[in-house]
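S.K.: Mind having a look at this structure? Questions to follow.
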Amino acid sequence: MSRISSLHDAVAELVVDGDTVALEGFTHLIPHAAGHEIIRQGRRDLHLVRMTPDMVYDQLIGAGCATKLTFSWGGNPGVGSLQRFRDAVENQWPHPLEIEEHSHAGMATRYAAGAANLPFGILRGYVGTGLPEHTSTITQIECPFTGESLTAVPALRPDVSIVHAQRADREGNVQMWGLTGVQKEAVLAAKRSIVTVEEIVDHLEPVPYSVVLPWWVVTAVCEVPNGAHPSFAMGYSVRDNAFYKAWDAVSKDRESFTAWIEQHVLGTTTYEEFRRSAGVEVPASV
Amino acid sequence: MSDVAPITEDYTTDELMIVNAARQLGALAAAGRPVCFVGIGLPSTAANLARRLYSPAPVLVYESGCIGSKPTRLPLSIGDGELGETADAVVSVPEIFAYWLQAGRIDVGFLGGAQLDKYANINSTVIGDYEHPSTRLPGAGGAPEIAASAGAVMVIMRQSKRAFVERCDFRSSVGYGDGPGDRQRFGLQGGGPKWVITDLGVLEPDPVTCELTMVALHPGVSREHAVAATGWSLQFAGEVSTTTPPTAGELDALRVLQAA
C-alpha cells in the first residue's frame, strides 16, 4: 500500500483541512520538511497532535494552520519558550488555539492504545495534578480485577501521522533507528501516514535498535534528504543546535516571524530551496 | 593537610547548585540507589558530574528512551544523538514511561519549574488563570509521572519570592499535595520530593508536616536572606548546617564537562 511519492503530492492528497494530524519525533527525526509543505499548501483548521510540539509546530501555529493542539510539552528544548504558541494561547494570534493538555506518559499511552485498536489506555498518572480538571480526556476507572483506581485516557487516532526515518526500500518498507520515540505507535494509530526518509535504497541492512514499518502499514514514502533538519537523523546528520537557538529571535515578534515564513517557506518549493534561502547548512554526522 | 581539598570561593550559584546536587546523587549511588531519570539543564549537568566524580556512578536514564547513557559532553536536549549512541539500551517512549518509570525502576527523578509551593508541588504549566494565562509555560511533560513514581525526587531551583510561593497557580506535578497523607490518598507509589537544592541552600520536607524546611544554607547565606526569598513563612530545621563549598576538584571536573 505504501507508494513512493513526492512530498508535495503526499501532502496534497493525504492532509486535508480539518484533519487531526500528528507530526511526531522526540528530538530526533522530526519531520520539519513535511511541516513546511503543510504551510506551503495552506492547510487550515488542523487539530495538531504531538507530545513535544517544538519549532515545527510553532511555525504551523503562527502560520495559521491549526485551531487545536493536543500535547504534553511545548517548548524549544534547552532554549526556552515557543513564542508563536505562546502568542496563540495568550493573545489568540493569529486566531484562537484550543488546547488539550496531557502528560508525556498519558500521550504515549494514548498512542499505544490507538496502535492496538483499543478505545482507551490506562496508566498510573495525573492524580493530584491540575490536569484532570481542565482536560476532559482524563478520567479515573476501577480495575475490574483488583478494584484499584487507575487513570484512563482515550486512544489517539490521527487522520494522518507524519514521521521521518533514515531510509526505505523500493517497496516502501521503512527503517528508523536511534531514538525512535513514539513514531511506530503514531503511524500504527493513524488512518493514513506519510514517512519522509533520508534515502531510498535497494535493500534495508539490519541496524541495532531499528524499527521497521512494513510497506503495508505506510501510505506514502517520500525521499527528502535532510527532511528532519534542524533535528537530526542518526547516521546522516547531527542536531543543528544553532538553528534552534536562532529560532528564538526569528519567532519573537509577529512581523519577523511572518517575514521569515513568507520569504523562506512560502517563497520556496522544497526543503532544499528553503535551506538555501535561509542560508542553513546541515551539520554532517562525523 | 594534603588530604584536605583546597577550597575556592570562585564559583557561580549554578555551579554551587550543581555540585551540591551531584554530591547527593553520589551518596544515593553509594547507598545502592543509582538510577536517575534525568531532564535537561542543571539536573543533567549534576548527574553527569556525579558520574565523573563518584564510584559507583549514577545510571542515567533519559525520557527520550535512553537507558544507561554515558555522554562525553553535555546534551542540549534530551534527545541529543550522544545519549543514544552511548546508551546500554534504547527503548521507545511508551516503554520508558510504562516499563521503567511507572513500574518503579527509577531511584531518583529531577523536577524544576516556574513555581514551587511549600508542599513541593510544582507548576510548569501557566502563570495566572489556566483559561487566560498571563504566561503560558511549556507544560507538564514527564513531570506528573516522575513526581508520582520515582523512588525520590530532587528539585533544583533558584530561590525567590516569585518562584517559591504559598500555593502554585497550577499543579503540574504533585509533591505532598495539601499536606500529610495526600500522597497515600492519591495512590502515588513513589517517595516524592526529598531535596530542594537552591542557590541559597537545601530544603527538605519536614517528616511530620511535609512542609519544605530549610535544613542547610550555603556559605555566607543568612537566614534572613532565605526568609526574604521565600513566599511562605519559611521554617528552619532544629539544626541548620552550612554546605561545604565546592572544592577545586569538583569545579575543575564540572568546567571540563561544560567545555567538552
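S.K.: With all protein chains present, how much of the accessible area of the protein assembly as shown (probe radius 1.4 Å) comes from carbon and sulfur, to the nearest whole percent?
M.R.: 53 percent
S.K.: Would you calculate the separation in nanometres between label points at B:Asp178 and B:Trp232, each defined as 7 Å from the Cα along the Cα-to-beta-carbon direction?
M.R.: 1.3 nm
S.K.: Given the protein chains as shown and a 1.4 Å probe, how many square angstrom of A:Met107 are accessible, to the nearest 10?
M.R.: Rounded to the nearest 10, the figure is 0 Å².
S.K.: Using a probe radius of 1.4 Å on heavy atoms only, what accessible surface per residue do you get for the range B:13-254? Whole Å² is fine. It would help to have the intermediate numbers written out before the result.
M.R.: Details: 8370 Å² over 242 residues.
About 35 Å² of surface per residue is accessible.
S.K.: Hydropathy at least 0.0 by Kyte-Doolittle, axial extent at least 24 angstrom from the Cα trace: which helices of chain B, defined as entire DSSP H runs, fit? Present the calculation step by step, with values, prior to reporting the outcome.
M.R.: Details: long enough: B:13-30 (26 Å, 0.63).
Passing helices, by number: B:13-30.
S.K.: Next up: Across peptide A:21-34, how many C-beta atoms of other chains are within 10 Å of each residue C-beta, on average? Kindly include the intermediate steps, with their values, before the conclusion.
M.R.: Working: counts 0, 0, 0, 1, 1, 9, 12, 8, 1, 1, 0, 0, 0, 0.
Taking all residues of A:21-34 together, the mean is 2.
S.K.: Just to be sure I understand: of the beta bridges DSSP finds with both ends in chain A, what percent are antiparallel, rounded to 5? Don't jump to the answer; show the numbers that get you there.
M.R.: Numbers: 15 of 46 bridges.
Roughly 35 percent of the DSSP beta bridges within chain A come out antiparallel.
S.K.: Out of residues 5 or more away from A:Ala165 or on other chains, whose amide H comes under 5 Å of its own, with H placed 1.01 Å from N in the peptide plane?
M.R.: Residues meeting the criterion, in which the H sits 1.01 Å from N, are A:Thr196, A:Val197, A:Glu198.
S.K.: With every protein chain left in place, what is the accessible area of A:Phe120 in Å² (1.4 Å probe, nearest 10)?
M.R.: My reading of the accessible area for A:Phe120 is about 90 Å².
S.K.: At a probe radius of 1.4 Å, what is the per-residue accessible area of A:His264, in Å² to the nearest 10?
M.R.: Surface accessible to solvent at A:His264 totals approximately 20 Å².
S.K.: If the cut-off is 16 Å between C-alpha atoms, which lysines fall inside it for B:Lys194, apart from same-chain ones fewer than 8 positions away?
M.R.: By straight Cα distance, B:Lys194 reaches B:Lys118.
S.K.: Which value in deg cm²/dmol, rounded to the nearest 500, describes the helix-derived mean residue ellipticity at 222 nm for chain B, given -39,500 (n - 2.57) per DSSP H run of n ≥ 4 and division by the residue count?
M.R.: Working: 7 runs with 65 residues, N = 260.
Helix contribution divided over all residues of chain B: -7000 deg cm²/dmol.
S.K.: Shifting gears a bit: Can you tell me what share of the DSSP beta bridges in the protein assembly as shown is antiparallel? A percent to the nearest 5 is fine.
M.R.: So the antiparallel bridges amount to about 40 percent of the total.
S.K.: With a 1.4 Å probe, what is the total accessible area buried between chains B and A, in Å² rounded to the nearest 100? Mind dumping the intermediate values first?
M.R.: Details: alone 11820 and 12330 Å², together 20590 Å².
About 3600 Å² of accessible surface is lost on pairing.
S.K.: Still on this structure: How shielded is B:129-139 by partner chains, expressed as the average number of their Cβ atoms within 10 Å of its Cβ atoms?
M.R.: Numbers: counts 0, 6, 3, 2, 3, 1, 4, 12, 5, 14, 14.
Partner Cβ neighbours, averaged per residue: 6.
S.K.: Rank these residues by their accessible area, most exposed first, probe 1.4 Å: B:Glu224, B:Glu145. Mind dumping the intermediate values first?
M.R.: Numbers: B:Glu224 130, B:Glu145 5 Å².
From most exposed to least exposed: B:Glu224, B:Glu145.
S.K.: Size of the dipole of chain B about the Cα centre, Lys and Arg at +1 and Asp and Glu at -1 on the beta carbon, nothing else charged, in debye to 20?
M.R.: Roughly 220 debye for chain B.
S.K.: Sort A:Met51, A:Met234 by heavy-atom solvent-accessible area, probe 1.4 angstrom, most to least. Don't skip to the answer; put the middle values down first.
M.R.: Values: A:Met51 0, A:Met234 40 Å².
Heavy-atom accessible area, descending, gives A:Met234, A:Met51.
S.K.: On a straight-distance basis, which aspartates and glutamates could pair with A:Lys191 in a cross-link, Cα separation under 13 angstrom, same-chain partners fewer than 8 positions away excluded?
M.R.: A:Lys191 reaches A:Asp19, A:Asp159.
S.K.: Of all DSSP beta bridges located in the range A:60-207, what percent are antiparallel, nearest 5? Let's see the in-between values first.
M.R.: Values: 11 of 24 bridges.
Roughly 45 percent of the beta bridges in the range A:60-207 run antiparallel, per DSSP.
S.K.: Three principal axis extents, largest first, for the C-alpha atoms of the range B:13-254, in Å?
M.R.: 47, 46, 33
S.K.: So what's the projected area for chain A, the Cα convex hull averaged over all directions, in nm²? Display every interim value, and only then the final one.
M.R.: Details: hull surface 60.8 nm².
One quarter of the hull surface, i.e. the mean projection, equals 15.2 nm².
S.K.: Sticking with this structure for a sec: With a bin width of 20 angstrom, please list the P(r) values of the protein assembly as shown as percents of all Cα-Cα pairs, from the 0 bin to the one holding the largest distance.
M.R.: So the P(r) values, bin by bin, are 22, 55, 22, 1.
S.K.: Further question on the same structure: Check B:Leu217: other-chain or 5+ apart residues with amide H under 5 Å from its amide H, H built from backbone geometry?
M.R.: B:Val202, B:Ser241, B:Thr242, B:Thr243
S.K.: On average, how many beta carbons from a partner chain sit within 10 Å of the beta carbon of a residue in B:86-92?
M.R.: Details: counts 0, 3, 0, 1, 7, 3, 13.
Mean shielding count: 4.
S.K.: Within the range B:141-182, whose backbone N sits under 16 Å from a point 7 Å along Cα→Cβ of B:Val240?
M.R.: Answer for the range B:141-182: B:159-161.
S.K.: Using the crude model of +1 on Lys and Arg Cβ and -1 on Asp and Glu Cβ, and no other charge, please compute the dipole size for the protein assembly as shown relative to its Cα centre, in debye to 20.
M.R.: Numbers: 41 positive and 62 negative charges, 82 e Å.
So the magnitude is around 400 debye.
S.K.: For A:Thr146, B:Thr243, B:Thr12, write out the residues from largest to smallest accessible area, computed with a 1.4 angstrom probe and no ligands counted.
M.R.: Details: A:Thr146 95, B:Thr243 15, B:Thr12 70 Å².
Final ranking, largest accessible area leading: A:Thr146, B:Thr12, B:Thr243.
S.K.: Evaluate the distance, in nm, between pseudo-label points positioned 7 Å from the Cα of A:His134 and of A:Val238 along their respective Cα→Cβ axes.
M.R.: In this crude label model, A:His134 to A:Val238 measures out at 3.8 nm.
S.K.: Kindly list the residues of the range A:1-43 that lie in the label zone of A:Glu171, defined by a backbone N under 19 Å from the point 7 Å along the Cα-to-C-beta vector.
M.R.: A:1-5, by backbone N distance to the label point.
The values are calculated or read from the model by the stated rules, or taken from the named source; none is laboratory data. Given the structure is predicted, the values throughout are model-derived calculations rather than measurements. Reconstructed Cβ throughout: ideal geometry from the backbone, glycine too, with neighbour counts over all protein chains shown. The protein model used for the area step is the full one, side chains on, heavy atoms only, and it has no ligands, DNA or RNA in it. Shrake-Rupley method; radii C 1.70, N 1.55, O 1.52, S 1.80 Å.
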